[in-house]
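Contents: one structure, followed by commentary.
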């Protein structure tokens, strides 16, 4: 899984058009957070063998960034545009759901944007040295 982690003042993802995935959310809802982390995540083909293990590596990596920044809220945004060979949608969804579960278990407030949809994004990002972090797990 590859992740771009942004520390934001605010972020909103408003679903606008369904993608090609048969697993796209049927009734997508806008997702938003105030002060927190937005994680643009791409689950890769190589992650298909062990999606739960990938989540078990992703959650602590996100939690470490969150703790360093004092962030308590995390929004996971499936993002198929990180120049990788993508996993099948079912594996991506499983890995993201497990990442969410593990982060919530660790005390974070976690949400996800609509899966399988194109979104209108509105973001106000912070501008400090750690406000944009890339991770690969």
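Only the coordinates and a few stated rules stand behind these numbers; no lab work does. These figures come from a predicted structure and were not determined experimentally. A quick note on method: Cβ atoms are made from the backbone with ideal geometry, for glycine too, and the neighbour counts reach across all protein chains shown.
Structure values in brief
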read-out	value
Among 49, 63, 41, residue whose mean-square fluctuation peaks in a GNM of the chain (springs only between Cα atoms under 10 Å)	49
Cα-only radius of gyration and Dmax that characterise segment 68-111, units Å	12.2, 34
Relative contact order %, segment 34-137, counting alpha carbon pairs below 8 Å whose residues are six or more apart	36
Inter-centroid distance (Cα atoms) of segment 16-54 relative to segment 67-117, Å	6
Radius of gyration, Dmax [segment 93-137; alpha carbons; angstrom]	13.3, 32
Linear extension gain, residue 106 paired with residue 64, 0.36 nm per residue minus alpha-carbon span	14.0 nm
Kirkwood Rh in Å, taken over all unlike Cα pairs in the chain	14.7
Fewest-first ranking of 3, 123, using other Cβ atoms within 10 Å as the exposure measure	123, 3
Dmax and Rg, reported as Rg then Dmax, of segment 46-100 (C-alpha, Å)	11.9, 34
The chain, helix-only ellipticity at 222 nm - DSSP H runs n ≥ 4, -39,500 (n - 2.57), divided by all residues, nearest 500	-9000 deg cm²/dmol
